[in-house]
Amino acid sequence: PIAVKPFLGYLSNMNSQETILFDAKPVVYYSIWNTIRKNMYEHENKPGNAFYVTFQPHIRMYAENSKPVKTPSYRFLFGWQQMIKTSSNNFFTWAIESGHYSNGQSGCAFLHGEDDETMTCSDFHATITDDTNLSELLNRKNGNFSTNTTKLSVNFRFNELNKRDEPYKIHSFTASWELYHNRFMGLFDFGGYSEFDINIYGRNRFGLEYEYEHQWKPKLRYAIEQKFEIIQGAHPSVEALRSETTFTLYPFNRDIGLFVTYVYGHDNYNYRFVDSGNQIGFGVSWDWFQPFQISRAKPTDL
């Protein structure tokens, strides 16, 4: 229930330095063990658990030479979620995900033509001050971005059930905290960041989300979603806030949806969080975890 939806679509430019052709997240989840759907349908008070691996690439094609894309993002995470159904047929879920997040590049982040972790790169980075505009300096061709990350999320869903015991109106609230840390899974010393990097990234990201989903007609479902993200501790030139407002229509009540979105604030494409502005987008998304049939809570004899 706490998941990133895969999508493919158009996204307008956030600044004048680059022209975006398309933006995509071909996200996949590989289940190791999952009892959520079974327990929500068959049991009244038994939590469901899901253990999984998720690969969350973020690909953006620009109107220029790229082989095949410029500075893509890769998230590789191990996850555990637990869902509990309340006596009112609502859902409470918590999730913890931990792994690696990078763009697989080797260049100096803010100096074109130099490799990362060289003396020339380090000396230039030492000249960056709180007044430096990082968006203007960013090496957009192959600037390195790398960190290990752990994210904790909690979600509560208010469900209204139809006669088939399927949620047809859902109010979903999610809060999250993501921590950038140096060791993979908190244990292994690889894939992390330098001291310079973390002073630019900021260690903490806090998120709030609200989604209203409605099965309006037997073959028509729609969703309205609002997301906020706050970066804490990043370089002063970084816009801390990001807001996303999205409307999605699911024709024929299928997994596939058509969406339009408006973005304000910092970018979410690896090191381009140093960019900020306004964007509009539209495209196709997939909701693999759409509402499913559950058993109603039975009255308790007192």
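The values are calculated or read from the model by the stated rules, or taken from the named source; none is laboratory data. This one's a predicted model, so the numbers in the text were calculated from it and none came from an experiment. Counting neighbours? That spans all protein chains shown, and the Cβs are built from the backbone with ideal geometry, glycine included. All accessible areas refer to the heavy atoms of the entire protein, side chains included, with ligands and DNA or RNA removed. Shrake-Rupley method; radii C 1.70, N 1.55, O 1.52, S 1.80 Å.
Before moving on, here are some points about what is shown:
- Kirkwood Rh and Cα Rg combined as Rg/Rh, the chain: 1.01
- Taking 0.36 nm per residue of separation and subtracting the Cα-Cα distance, full extension of the segment from L241 to N15 would add 79.7 nm.
- Going by accessible surface with a 1.4 Å probe and the largest first, H235, H112 read H112, H235.
- A protection proxy built from the mean count of other Cβ atoms within 10 Å ranks the segments 34-42, 119-127, most packed first, as 34-42, 119-127.
- The residues V69, V274, sorted by heavy-atom accessible surface at 1.4 Å with ligands and nucleic acids left out, run V69, V274 from largest to smallest.
- Packing-based order for 47-60, 213-226, using average beta carbon neighbours within 10 Å, highest first: 47-60, 213-226
- Principal axes of the stretch 171-235: Cα extent on each, largest first, Å: 53, 26, 14
- To put it simply, the accessible area of the chain at a 1.4 Å probe is 59 percent carbon and sulfur.
- Using R0 = 41 Å, the C-beta based FRET efficiency linking T132 and I32 works out to 0.40.
- Potential lengthening between K141 and L179 on full extension [0.36 nm per residue; Cα-Cα distance subtracted]: 11.0 nm
- The chain, accessible area per residue, ligands and nucleic acids excluded (1.4 Å, Å²): 51 Å²
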